[in-house]
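*Asks:* Below is one structure. I have some questions about it.
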Amino acid sequence: MSLRVFIADDEEPARERLKELLGDIAAELPTSVVGEARHGLEALEQVPQSGAQVLLADIHMPGMGGLELARHLAGLERPPAVVFVTAHDRHAVEAFELNAIDYLLKPVRAGRLAAAIRKASVPEKARLANAANSAREYLSVAERHRIALVPVRDILFLRAEQKYVTVRTRSREHLIEESLVALELELADRFVRIHRNCLVARAAIRGFERAGADAEDPRWQIVLDGIAERLPVSRRQWPTLRALVP
């Protein structure tokens, strides 16, 4: 069965372009356009009755933009999956805070649109399961009534402290409310445990330093790239860590 798609964009050529692209990928992903709107207010009136399963929405539209439109539609019993289509990338974080399925930059290519439609065609429960089973590229941090994204590739270590986990990059620290055990399972290919309360990025390890003067019972600290702080290595984890550095 074809997916029902609604298009909201204030520029008619942009709407026509999306319809052409949907036609180009129809053999692979059948769709039917069930409505069009020139701005968010118009879309808000039409989408609930259209039965749309997917909304392709521009972010900048007169009267009401795509972000506010998505917020209002989220209150529907069965809101459409939202794919933002825009000429600007500065709203990406806010878009994904609204649970957007994808974020496409103009000019849109058929392959990228197909990938977004394919995501939208997966039932919501399956999408959530797939997301839970795949490692994130970013960790989200609540800061001053907004959500900031911290790239996993920039994280040097994750350290559990009471009910929070400290996320340390070269430039700063963030606090998140997540389980260190769950993060270890999810990010096992990038991080290694050095202590019961700390994971470090494998790529950031530069070596080890002896801590203390007891030659018979040496303690070790790990040296990470880009920061002066040294982190203690537990006796239990030392054999594993020693094997990581030639």
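The values are calculated or read from the model by the stated rules, or taken from the named source; none is laboratory data. Keep in mind that what you see is a predicted model, and the values were worked out from it rather than measured. With ideal geometry, Cβ positions are generated from the backbone for all residues, glycine too; neighbour counts draw on all protein chains shown. Only protein heavy atoms, including side chains, enter the accessible area calculation; ligands, DNA and RNA are left aside. Shrake-Rupley method; radii C 1.70, N 1.55, O 1.52, S 1.80 Å.
*Asks:* Would you pull out the residues with amide H under 5 Å of residue 31's amide H, same chain only if 5 or more places away, H placed 1.01 Å from N?
*Replies:* Sorted by chain and number, the residues that satisfy this are 3.
*Asks:* For residue 236, what is the net charge nearby, where nearby means another residue's Cβ is under 11 Å from its Cβ and Lys, Arg count +1, Asp, Glu -1?
*Replies:* Result for the local shell: +3.
*Asks:* Moving on to the next point. Could you list which residues have their amide H under 5 Å from that of residue 208, counting only those 5 or more apart in sequence or on another chain, with H placed in the peptide plane?
*Replies:* Sorted by chain and number, the residues that satisfy this are 223.
*Asks:* For residue 44 and residue 197, what is the calculated FRET efficiency with R₀ set at 45 Å and r taken between the beta-carbons, to the nearest 0.05?
*Replies:* Approximately 0.40, to the nearest 0.05.
*Asks:* For the chain, what is the Kirkwood estimate of the hydrodynamic radius, computed as the reciprocal of the mean inverse distance between distinct Cα atoms, to one decimal in Å?
*Replies:* Taking every pair of different Cα atoms in the chain, averaging 1/r and inverting gives 20.9 Å.
*Asks:* So what is the accessible area of the chain per residue, in Å², with the probe set to 1.4 Å?
*Replies:* On a per-residue basis, the chain sits at 57 Å².
*Asks:* Something else now. How tilted is helix 40-50 with respect to the longest principal axis of the chain? Cα atoms for both, answer in degrees (0 to 90, nearest 10).
*Replies:* Around 80 degrees separate the two axes.
*Asks:* Would you calculate the convex hull of the Cα atoms in region 1-102 and tell me its volume per residue in Å³?
*Replies:* Looking at region 1-102, the number lands at 93 Å³ per residue.
*Asks:* Separate question: Given the convex hull over the Cα atoms of region 137-246, what projected area results after averaging over all orientations, in nm²?
*Replies:* Convex hull of Cα atoms, orientation-averaged projection: 7.5 nm².
*Asks:* If you count, for each residue, the other Cβ atoms within 10 Å and average over each peptide, how do 104-112, 148-156 line up from highest to lowest?
*Replies:* Highest to lowest by the protection proxy: 148-156, 104-112.
*Asks:* First measure r as the distance between the Cβ atoms of residue 16 and residue 89, then evaluate 1/(1 + (r/R0)^6) with R0 = 22 Å and state the FRET efficiency to the nearest 0.05.
*Replies:* 0.40
*Asks:* Still on this model: Please report how far the C-alpha centroid of region 9-56 lies from that of region 169-246, rounded to the nearest whole angstrom.
*Replies:* Value for the Cα centre distance between the two parts: 50 Å.
*Asks:* Let me ask something else. Run the accessible area of the chain with a 1.4 Å probe and give the carbon-and-sulfur part as a rounded percent.
*Replies:* Of the solvent-accessible surface of the chain, carbon and sulfur hold 50 percent.
*Asks:* Would you mind calculating the relative contact order of region 31-81 from Cα pairs under 8 angstrom and at least 6 residues apart, reporting the percent as a whole number?
*Replies:* 39 percent
*Asks:* Can you compute the FRET efficiency between residue 163 and residue 32 using 1/(1 + (r/R0)^6), with r the Cβ-Cβ distance and R0 = 51 Å? Round to the nearest 0.05.
*Replies:* So, using R0 = 51 Å, E works out to roughly 0.55.
*Asks:* Using the Kirkwood radius over Cα pairs, work out the Stokes-Einstein diffusion coefficient for region 16-57 at 25 °C and 0.890 mPa s, in µm²/s as a whole number.
*Replies:* The estimated diffusion coefficient comes to 219 µm²/s.
*Asks:* Roughly how tilted is helix 124-133, in degrees to the nearest 10 and between 0 and 90, from the longest Cα axis of the chain?
*Replies:* 20 degrees
*Asks:* Test of understanding: what is the full-extension gain from residue 170 to residue 141, defined as 0.36 nm times their sequence separation minus their Cα-Cα distance?
*Replies:* The residue 170-residue 141 span can extend by a further 8.8 nm.
*Asks:* Rank-order 53-59, 230-236, 3-9 by packing density, defined as the average count of other C-beta atoms within 10 Å over each peptide's residues, highest first.
*Replies:* Highest mean packing first, the order is 53-59, 3-9, 230-236.
*Asks:* Skipping prolines and chain starts, which residues have an amide H placed within reach, meaning under 5 Å, of the one on residue 178, given they are 5 or more residues away or on another chain?
*Replies:* Under 5 Å from the amide H of residue 178 lie the amide H atoms of 165, each far enough along the sequence or on another chain.
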